[in-house]
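Note sheet for the following structure.
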Amino acid sequence: MRLTTLKLLIFPLGNLWLSLNLERVKKIIPRPEITKGRQKYLGVCYFENQEVTVIDLYQKVLGGELPSGKSYLIVVQSSKGLYGLSVGNLPIMRDVPSDQLHPVPAEYRERDTLQIASHMMQLQLQANQTATVFLLDENRLIEMI
């Protein structure tokens, strides 16, 4: 039996590591100007002459502002159109065997600010660094918009 692999885009968020399925990513661009309203974690910007709703993951998950400096927008194609994820670092790509993915325990998922993650895995990201990486749940992200 052949093991399937997922192509993931992985990026840090504070002391957490998050990931997205690369198949859904349309483009990664330098973060454009984002207009925000009352919902501090939601904003809007333009990408290729289209309005894109942006989720500021730093604000949503950690409750603070994205640290100053260079940041990026991950533009994602969903079943309901484009949305963007604002991140502070350029993501990395990894092929991850599907047997390394484990569901986030429900009791943790429902009580933590990271309710937007569906699975988790242990990955070696650098020579001496193994980290827990959370796979973001696209359906829960879309519900936030």
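The values are calculated or read from the model by the stated rules, or taken from the named source; none is laboratory data. Every value quoted in this text rests on a predicted model; they were computed, and no experiment measured them. All Cβ positions, glycine included, derive from the backbone under ideal geometry; neighbour counts span all protein chains shown.
Identify the residue in the stretch 77-100 that is assigned to a strand (DSSP E or B) and out of contact with any helix residue (DSSP H, G or I) (no Cβ under 8 Å at 6 or more places or on another chain) and, among all such residues, is modelled with the lowest pLDDT.
It comes out as GLY81.
Go through the stretch 1-71 and tell me which strands (runs of 3 or more DSSP E), entirely inside it, have 3 or more residues that are touching a residue at least 12 places away in the same chain (Cβ under 8 Å) and more than 17 Å from GLY84 (Cβ to Cβ).
5-13
Which is out of contact with any Asp or Glu (no Cβ under 8 Å at 6 or more places or on another chain) and either under 17 Å from MET144 (Cα atoms) or small (Gly, Ala, Ser) (or both), of SER86, SER71, SER78?
Working: SER86 fails: out of contact with any Asp or Glu (no Cβ under 8 Å at 6 or more places or on another chain); SER78 fails: out of contact with any Asp or Glu (no Cβ under 8 Å at 6 or more places or on another chain).
From the options SER86, SER71, SER78, the qualifying one is SER71.
Quick check: is even one residue across the stretch 106-128 in a loop (DSSP other than H, G, I, E, B) and at pLDDT 90 or above? Give the steps one after another, and end with the answer.
Of the stretch 106-128, the ones in a loop (DSSP other than H, G, I, E, B) are 112-116, 127-128.
Checking which are at pLDDT 90 or above leaves us with none.
So far as the stretch 106-128 goes, no, none of its residues is in a loop (DSSP other than H, G, I, E, B) and at pLDDT 90 or above.
Against the condition crowded, with 16+ Cβ neighbours inside 10 Å, in contact with a Phe, Trp or Tyr (Cβ under 7 Å, 6 or more places away or on another chain) and not polar (S, T, N, Q), how does VAL87 come out, does it pass?
On the way: crowded, with 16+ Cβ neighbours inside 10 Å: yes; in contact with a Phe, Trp or Tyr (Cβ under 7 Å, 6 or more places away or on another chain): yes; not polar (S, T, N, Q): yes.
Taking the combined requirement at face value, the residue satisfies it.
Does the stretch 129-145 hold any residues that are in a loop (DSSP other than H, G, I, E, B) and not hydrophobic (A, V, I, L, M, F, W, C), and which are they?
Once the filter is applied, which keeps residues that are in a loop (DSSP other than H, G, I, E, B) and not hydrophobic (A, V, I, L, M, F, W, C), the stretch 129-145 yields only ASP137.
With the structure loaded, tell me whether GLY81 is on the phi > 0 side of the Ramachandran plot and either among the basic types (Lys, Arg) or surrounded by 11 or more Cβ atoms within 10 Å (Cβ to Cβ) (or both) or whether it fails that test.
Yes; evaluated as a whole, the condition is true for this residue.
Between residues in the stretch 85-111 that are within 17 Å of ALA131 (Cβ to Cβ) and residues that are of a type in the set (Val, Ile, Thr) and surrounded by fewer than 11 Cβ atoms within 10 Å (Cβ to Cβ), which pairs lie under 8 Å by C-beta distance while being six or more apart or on different chains?
Between residues of the stretch 85-111 that are within 17 Å of ALA131 (Cβ to Cβ) and residues that are of a type in the set (Val, Ile, Thr) and surrounded by fewer than 11 Cβ atoms within 10 Å (Cβ to Cβ), the close pairs are PRO97/THR4.
Report whether or not GLU65 is over 15 Å from LYS27 (Cα atoms), surrounded by 10 or more Cβ atoms within 10 Å (Cβ to Cβ) and touching a strand residue (DSSP E or B) at 6+ places or on another chain (Cβ under 7 Å).
So GLU65 does not fit the description; no.
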